[in-house]
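First comes the structure, then the notes that go with it.
None of the figures in this text is laboratory data; all of them are computed from the coordinates on show. Remember, it's a predicted structure, so these values are computed and weren't measured experimentally. Every residue, glycine as well, gets a Cβ built from its backbone with ideal geometry; the counts of neighbours run over all protein chains shown.
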Amino acid sequence: MTTTQKLDLPRRAALRTALLQRQETLLASMHLHTQGASRVQHARDVLDQSSDDAPARAADREIDLAFTDHERQELADIGLALQRLDHDAYGVCIDCGADIPLARLEVRPQALRCLACEQVAEGANG
Ligand SMILES: [Zn+2]
């Protein structure tokens, strides 16, 4: 697989920074949900004293869903994009091998696919 698109060092550094910042934001968001879960745990302890734990289990489920699959996926994509940046494979579509347009990378630095493949992948995921 050859890279025809030149990502110069300053550009790569800027994209890496953008990725790390986004990663930090997502991790902070996940941390927030974790703290939220411990608050729910406390409420649940109180609740447990007077009722069965079915409603509490439902609350746990909601907290778990609060950090969405989409955010989880984005975090995973960012990790992968950072790895690819290290291994010089960044900016190339993982599905078809085409260069991902720089304009797209600037908007979405964690993008692992070109727009066409992304649409196919998203369609497949529902
Ligand atoms: Zn593609």
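The simple spin-label model puts a point 7 Å past each Cα toward its Cβ; for Arg12 and His70 those points are separated by 3.2 nm.
Once Rh is set to the Kirkwood radius over Cα pairs, what Stokes-Einstein translational diffusion coefficient, in µm²/s, holds for region 64-125 at a temperature of 10 °C and a viscosity of 1.306 mPa s? It would help to have the intermediate numbers written out before the result.
Values: Rh = 12.1 Å.
Estimated via Stokes-Einstein, D reaches 131 µm²/s.
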